[in-house]
Amino acid sequence: MDIGSIIGQLTDGMVTSILIFLLTLLFSLPLGLLVAFGRMSKNKILSTVMQVYISVLRGTPLMLQLMVVFFGPFYLFGIKITTSYRFVAVIIGFVLNYAAYFAEIYRGGIESISRGQYEAADLLGYSKTQTFIRIIFPQVVKRILPATTNEIITLVKDTSLAFVIAVSEMFTQAKAIAAAQASMVPFIVAAVFYYVFNLLVAFGMNRVEKAFSYYD
Amino acid sequence: MIMKLLELNHISKSFDGLSVLRDVSLSVEKGEIVSVIGPSGSGKSTLLRCATLLEKIDKGELIYKGKKIASPGENGNSIYASKEDIRQAKKIFGMVFQSFNLFPHFSVLQNIIDAPVTVNRENREEAKERAMKLLKQFELDDKADAYPCQLSGGQQQRVSIVRALALDPEIMYFDEPTSALDPELTAGVLKAIKELAREKMTMIIVTHEMNFAKEVSDRIIFMEKGIIQHELSPDDLFDSKYERLNEFIGKIS
């Protein structure tokens, strides 16, 4: 089998991998901010719950979390698991996991902004919401970009974990073809895919960082 | 009748049991310029932070233009007015911080017009026009498009003065406005404050610049250990009958 047809067979998987990547970012970035707010809340109960959430999600393997999300409804509530739930379970698992990491990145960024910024905004009449949206958050974004880039690059590679609940993302297919053909080529194609994907991520994030470099 | 813009009556404030202000009273009339001097830890900055509502007073009364913003409750502890009253009171004054606290992601112009436009819903072009006038007055008009990180400390502090002025305050508070600056840059900022004095802006200035305080103030207050120890006329600053004040001035000049 030539490389062209191997790539052809892997295309579906690539689309699935990219979809997992995009949907995870789409939901985990905002969810992470909400978790960070909860974690920093003055409400002790909310803050403790979020702390436990972050601790568990960061402290256990993503692979295990995906299995819990997928099999959980059946084992815990006896709900029949459908095939279409596979992909949904992958997205839920990834979003919950990445939101925990993003939450801590956001928290670090938010806590690094000096009190003086809040005080100046307060005395200029900004409401709490206006202060966060106009003054604090834009500065937070700039500060957390490098850490966020790291997470996003990890996410690209983590998409391959979807195989544990048999979602046929690209790596699942590469393994199948490699086994069937007794060939290394699918693995090399897979490696090139992840590498190029991450090159693009790094390039894109670098552009974003540059866009924020107009001030120190 | 002369209107009192600010009245602080018998205010006390402590942090974790440490008493920072003890029964301090101070009132300021329209057009008055009061300098507050004293060693560090004397409560000068806390006094300003209480007046600007950045800190809450424990005991006493805080009045802006006759309206009670904080007053003693039944158990003696101060109770604050409604959020709306506090919001209105905050419009009366502007504050200049020791550390400038400009917004680093905004240009100089945006720093100045952002609050008028987004908070007070002023017309952007009109706000811009007024900002440019103020920038020109403080010799900063060529810096409108610069970012704070591109300016010297002295320029940043002058921008922060303009930013406060753009909201048309009736009182300006200065919390050690030149303490983060070298002598050359200090001169530029002091010149800007003198410009305001010439326009009869009501001001309370916490400062370590004794010559400046003497020159610009109507009254000087010497604070130590959370208490207003002495209140004197600027003419008496370097020649007062108070031993401790003379010692303090001797040490820092």
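Brief remarks follow.
- Plainly put, chain A has a radius of gyration that is 1.06 times its Kirkwood radius, both from alpha-carbon atoms, as the Rg/Rh ratio.
- 22 Å Cα-Cα threshold exceeded, pairs from B:LYS59/B:LYS251; B:LYS30/B:LYS91; B:LYS214/B:LYS241; B:LYS30/B:LYS83: B:LYS59/B:LYS251; B:LYS30/B:LYS83
- Three-way shape call for chain B based on the alpha-carbon gyration tensor, with the a/c threshold at 1.5: oblate
- Across the options B:GLY73, B:PHE222, B:ALA127, the greatest Cα extent toward the positive end of the charge dipole of chain B (unit charges at beta carbon of Lys, Arg, Asp, Glu) belongs to B:GLY73.
- For chain A, the membrane-span-like helix rule (DSSP H, alpha carbon extent of at least 27 Å along the helix axis, mean Kyte-Doolittle at least 1.0) picks out A:3-40, A:185-211; this says nothing about an actual membrane.
- Whichever aspartates and glutamates have a C-alpha closer than 20 Å to that of A:LYS128, once near sequence neighbours (fewer than 8 apart) are set aside: A:GLU111, A:GLU119, B:GLU55, B:GLU84, B:ASP85, B:ASP114, B:GLU122
- Residues whose amide H comes within less than 5 Å of that of B:VAL96, counting only those at least five positions distant or on another chain, are B:TYR173, B:PHE174, B:ASP175 (H built at 1.01 Å from N in the peptide plane).
- Residues A:ASP122, B:ASP114 in ascending order of nearby Cβ atoms (within 10 Å, fewest first): A:ASP122, B:ASP114.
- Sum of -39500 (n - 2.57) over DSSP H runs of 4+, divided by residues of chain A (222 nm, nearest 500): -27000 deg cm²/dmol
- Fluctuation leader among B:GLU224, B:GLU195, B:GLU126 - chain B, Gaussian network, Cα springs under 10 angstrom: B:GLU126
- Per-pair calculated FRET efficiency, R0 = 22 Å: A:ALA202 and A:ILE3 via Cβ, rounded to 0.05: 0.30
- Percent of Cα-Cα distances greater than 42 Å, calculated over the protein assembly as shown: 37 percent
- B:LEU6 long-range amide H proximity, modeled H, under 5 Å: B:VAL28, B:LYS65
- The label-point distance for A:LEU76 and B:LYS225, in a model that sets each label 7 Å from Cα toward Cβ, rounds to 6.3 nm.
- Loop-resident sites, region A:17-51, for trypsin sites (Lys or Arg not before Pro), counting at most 15 other Cβ within 10 Å (DSSP): A:LYS42
- Förster-model FRET efficiency, 22 Å R0, B:LYS133 and B:LYS91, C-beta, rounded to 0.05: 0.60
- The antiparallel fraction among DSSP beta bridges confined to chain B stands at about 60%.
- Sites A:VAL52 and B:ASP168 - FRET efficiency at Förster radius 51 Å, r taken between beta-carbons, to 0.05: 0.55
- Coil-residue GluC sites (Glu not before Pro) of region B:1-92, DSSP, other Cβ within 10 Å capped at 13: B:GLU74
- When the pairs B:LYS44/B:LYS90; A:LYS142/B:LYS90; B:LYS67/B:LYS143 are compared against a 27 Å limit on Cα-Cα distance, A:LYS142/B:LYS90; B:LYS67/B:LYS143 fall above it.
- Highest-fluctuation residue, A:GLN51, A:GLN181, A:GLN173 considered, GNM on chain A with Cα pairs under 10 Å: A:GLN181
- Ordering A:LEU26, B:HIS10, B:ILE252 by Cα displacement along the dipole of the protein assembly as shown toward the positive end leaves A:LEU26 in first place; charges were set at the Cβ atoms of Lys, Arg (+1) and Asp, Glu (-1).
- Integer Hz, Karplus 6.51/-1.76/1.60 couplings in order for region B:21-34, x for Gly and Pro: 10, 10, 6, 8, 10, 7, 10, 10, 8, 4, x, 7, 10, 10
- Convex hull (Cα only) mean projected area of region B:19-125, reported in nm² to one decimal: 9.2 nm²
Here, each number is a calculation from the coordinates, and none is a lab measurement. Treat the numbers as computed from the prediction; the structure is a model and nothing was measured. Counting neighbours? That spans all protein chains shown, and the Cβs are built from the backbone with ideal geometry, glycine included.
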